[in-house]
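Everything on this sheet refers to the single structure shown next.
The values are calculated or read from the model by the stated rules, or taken from the named source; none is laboratory data. These figures come from a predicted structure and were not determined experimentally. When we count neighbours, we look across all protein chains shown, and the Cβ atoms used for this are built from the backbone with ideal geometry, even at glycine. Side chains included, ligands, DNA and RNA excluded: accessible areas come from the protein's heavy atoms. Shrake-Rupley method; radii C 1.70, N 1.55, O 1.52, S 1.80 Å.
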Amino acid sequence: MLQTVRVHPGQASMPDYIVEIDQAVVSRARVVTLRALVTSAWTGLAGGVLIVALTLATALAFRSGADFALLLMAIPGVILCADGGRRLATVRRLRKFWETAGVPPVAMRITADGLRLSLDAASDSVFLPWYAVAGFHLARWRGQRFLVLDLGPGVTATTPGVVGLDHPDIQRVLRRKVLGIKGIRFAVRTLRRPVEEIDQVLAYATNGRVRVYR
């Protein structure tokens, strides 16, 4: 699966280092994530309905005329119901997106010229020359470790040599937190290469400049 890549004049040739994705692990993780999101959404909905129901029962039982106070009591329940409905809509969109996008077979390719990345529907479509990459760092979310890309200062989709950062999926994770993390990330347990090995190859390809920082 290794192939020789074109290199800059004076730079030693090196083969692509391919970090594959364990597609079965990703598929199982997506099922667990969707289940957790659905449970959270229905819990919020149930809590909201309970609050509204208790408020209405109190109003009917006492008929105290304190309509404004009862209305204030119902507001948290209405908010919880709205939030639960929003979460369910998010789950539906995420499920449809994952079903359409599938699971890319490769997470990244480390080459002599730079780094090529995949993310959901943006499979193998992002390329960053080495000067656009600051490194990686490890982050945790809900007990899982993630390898998160750090772009160089001021790097955007219009930076010379950069390809694919304008993809909607990439912009989505760069602009806001998605599942607890902001940035292009890979769950460590879904990668078929150990982080230590990835770190060593990054260092080799960049003369020690780009590393996995802990």
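Go through (1) open to solvent by less than 60 Å² (accessible area, probe 1.4 Å); (2) assigned to a helix (DSSP H, G or I); (3) in contact (Cβ under 8 Å) with a residue 12 or more places away in the chain for Leu80 and report which single condition fails.
Checking Leu80 against (1) open to solvent by less than 60 Å² (accessible area, probe 1.4 Å); (2) assigned to a helix (DSSP H, G or I); (3) in contact (Cβ under 8 Å) with a residue 12 or more places away in the chain, the one that fails is (1).
One line per residue, one yes/no per condition, for (1) aromatic (Phe, Trp, Tyr); (2) touching a strand residue (DSSP E or B) at 6+ places or on another chain (Cβ under 9 Å); (3) assigned to a helix (DSSP H, G or I); (4) in contact (Cβ under 8 Å) with a residue 40 or more places away in the chain:
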residue	(1), (2), (3), (4)
Glu20	no, yes, no, yes
Arg30	no, no, yes, yes
Ala36	no, no, yes, no
Thr39	no, no, yes, no
Gly47	no, no, yes, no
Ile51	no, no, yes, no
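Residues being surrounded by fewer than 17 Cβ atoms within 10 Å (Cβ to Cβ) and either assigned to a helix (DSSP H, G or I) or among the charged types (D, E, K, R) (or both): count how many of those fall in segment 89-104.
11
Can you find, within segment 86-130, the residue that is nearest to Thr43 (Cα to Cα) among those that are without any contact (Cβ under 8 Å) to a residue 24 or more places away in the chain and among the acidic types (Asp, Glu)?
So, considering only residues that are without any contact (Cβ under 8 Å) to a residue 24 or more places away in the chain and among the acidic types (Asp, Glu), the one nearest to Thr43 (Cα to Cα) is Glu99.
In segment 159-173, what residues are aliphatic (A, V, I, L, M) and open to solvent by 40 Å² or more (accessible area, probe 1.4 Å)?
Val163
Quickly run through segment 84-107 and pick out the residues that are at pLDDT 90 or above and under 15 Å from the mean Cα position of the chain (by Cα).
Ala107
Within segment 191-214, can you find the residues that are assigned to a helix (DSSP H, G or I), in contact (Cβ under 8 Å) with a residue 24 or more places away in the chain and open to solvent by 50 Å² or more (accessible area, probe 1.4 Å)?
Residue satisfying the conditions is Tyr204 alone.
Answer yes if at least one residue in segment 171-190 is of a type outside the set (Phe, Trp, Tyr), in a strand (DSSP E or B) and touching a residue at least 60 places away in the same chain (Cβ under 8 Å), and no otherwise.
Within segment 171-190, the subset of a type outside the set (Phe, Trp, Tyr) is 171-185, 187-190.
Those left that are additionally in a strand (DSSP E or B): 178, 181, 185, 187.
This time we only want the ones that are touching a residue at least 60 places away in the same chain (Cβ under 8 Å), so: 187.
So far as segment 171-190 goes, yes, one or more of its residues are of a type outside the set (Phe, Trp, Tyr), in a strand (DSSP E or B) and touching a residue at least 60 places away in the same chain (Cβ under 8 Å).
Could you check how many residues of segment 149-158 are surrounded by 13 or more Cβ atoms within 10 Å (Cβ to Cβ) and either within 13 Å of the chain's Cα centre (by Cα) or outside any strand (DSSP E or B) (or both)? I'd like the intermediate steps shown before the answer.
Applying the first criterion (surrounded by 13 or more Cβ atoms within 10 Å (Cβ to Cβ)) to segment 149-158 yields 149-152, 155, 157.
Retained after the next criterion (residues that are either within 13 Å of the chain's Cα centre (by Cα) or outside any strand (DSSP E or B) (or both)): 149, 152, 155, 157.
Result for segment 149-158: 4.
Would you be able to say whether some residue in segment 183-196 is under 16 Å from the mean Cα position of the chain (by Cα), charged (D, E, K, R) and over 25 Å from Glu99 (Cα atoms)?
no
Restricted to segment 105-148, and to residues that are open to solvent by 10 Å² or more (accessible area, probe 1.4 Å) and in a helix (DSSP H, G or I), which residue is nearest to Asp199 (Cα to Cα)?
Trp130
Does Met1 qualify as being open to solvent by 30 Å² or more (accessible area, probe 1.4 Å) and at pLDDT below 90?
The answer is yes for Met1.
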